[in-house]
Amino acid sequence: MDESRALRSAQASSGDQGPSPRTGLSRALTALQQVESTWAHRAPCETPGSRQDSTPLFPAAPIQHADHIQGATADPDQRKDGQDVPSRTKTARDPLSRRIVSLVFEDLPMARWLRWAEGRQDAPPEDLPVVLATEGPHGPVVHATNRAGALQGIIPGARVVDIRALCPQIRVEPADPEGDRATLRRLSFWARRWCPWTAPDGEDGLVLDTTGSAHLWGGEAAMLREIEGRFSLLGLSTRLAMAPTHGAAWALARYGPVRTVATPDTLAQATAPLPTRALRLDAETVLLLQRLGLKTVGDLCAVPRASLARRFATTALPQNPLARLDQLQGRLPEPVSAETEPPSFAVQARLAEPVQDPAPHLPDLCTDLCAALEQAGFGARRLTIAVYRTDGEVSRITAATARPTRDPAHLMRLWGDRLERIDPGFGFDLITLEANEAEDLARVQTRLDGRADESAARAKLIDRLVARLGHAAVQIPAPRPRHMPDRAEHWLPAMSGLAPDTGTLPAPARPVTLFDSPEEIRVLYAVPEGPPAQFVWRRQTQRITRFAGPERIAPEWWTDCPGTRLRDYYRIEAQSGHRLWIYRDGVLGDDRGETPRWFVHGCFA
């Protein structure tokens, strides 16, 4: 109705003008724009059949409000009953509105080792310096030290040889970086009691996105005290800080006052006195900035951005102070990438009255647990049975598997006579079976002939042996990328899961049986630059009928002592039928010894 009325008005207006059609056309366009504006600003309930997202009929610019001039996006519902309704602007989220907590552990590796030593009744005295060492490019280096070692001036990164010269009574133990990383990952999941977004932050810290969570703990300062107190109950010493950005929280936790809380208004003032290494820069960049006289974050902020951009435009993030400064101040986003918590699987049996033996209830528990694992596509790697006694005590037994499994019958065999170690007391009325560690286990077809998978049978055998004999008693061979044959293989615990991928290692012709110590043979007749024609081995004279080789293996100069001789290996077949792997230790004229000696290193099938 409104459109037809406007069109008739436009036609009448154009007809009155007569000789000037341009004026009539402009009036018609103005009338159509008024109709379009009426459609755009009318409430949806007033036009049931109209389009709410209609596009303009003509490319003429609509009336510009103040909100459009300022660059804000106005709400479609701008007018109602002839009145202008204030627009609802869409503003981007303030980058400094987040609340990030950074937490650094001061002695996580040493705290783990001390707890392990206390469990073995081997904890050292408090006044004895103890260091944890890792392999460095020039020998073992200090990875962590206890309080007594720190008081002696021992710092991480120092060589153990130099430390022994300064402190002869020091105790050196091997470090476990992989275990430290696994513990840090578990602590990140444990810290989700304070907020849903947590993740490991480097090798010694955690980062928590506590936006909107502080009021649940009585405020930000109270929340930091709560976090520090909970970790202290675990025996871990921490330093932590809260800031609007991850970079600022990281810097304040490590180089700022204790439990610093920085707001968007106080961020610049709190971070200005911090050293430049608080920007998470590498040592070379920090040294370069110090030579330029830029020793603090405030000094770096005073430098024009154009100068820093010209100097560090193409450098990577750890060497780019401008990018790190933008992360600290919120100009460059740095979200917290939280890991997905692994699924947990547990079943329980509540009993009507206390019992003394959990064995009759285990088959049903194993069946229910395997059904849950199969539904989720997982397999159990570590399981724990817990019985809750009527007097409040809890007894637990743990078992592990060499590979993921969800076979109820196999899980039942893991316990064996270990259930007899449970002290039932006056009985227990609750039994739980939990899969502490679970891994993906997809359904795959292993063999076309329908036979059983040999690797699965071997894994089940390993599980049963470990359950009966213990983890340290069952070992498996694992290859290593070494040149010398007697060093190309070592033994690992069957449950360690650290065996390297054999598909990436070379597969030269090697005997089935390799002697732990090569056996020397007495050569009766030698062929120049070839194997001996006749030799005595184990009091028997052997005559060579065929041979292949030589395969020359040079000594490993980075491991062997100076003067170690090379080896020439031969695959021979004796007249008696033996197929042996022999080698000559050295060659004539190598100036590393007298006449070369011969050894048998292994036997072929």
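Ordering of 160-170, 562-572 by packing is 562-572, 160-170, highest average first (other Cβ atoms within 10 Å, averaged per residue). Overall shape: prolate for the stretch 563-605, with the ratio a/c of the largest to smallest alpha carbon gyration tensor axis at 1.5 or above and a/b above b/c.
Taking the average, over residues, of other Cβ atoms within 10 Å as the packing measure, peptides 340-348, 121-129 rank 340-348, 121-129 from highest down. Compute the separation of the alpha-carbon centres of the stretch 118-169 and the stretch 301-335 and state it in Å as a whole number. Going from one Cα centre to the other spans 38 Å. Packing around the peptides 578-585, 480-487, taken as the average count of other Cβ atoms within 10 Å per residue, puts them in this order, highest first: 578-585, 480-487.
Rule-based calculations on the coordinates, nothing more; no lab input. Because the structure is a prediction, the values reported are computed rather than measured. With ideal geometry, Cβ positions are generated from the backbone for all residues, glycine too; neighbour counts draw on all protein chains shown.
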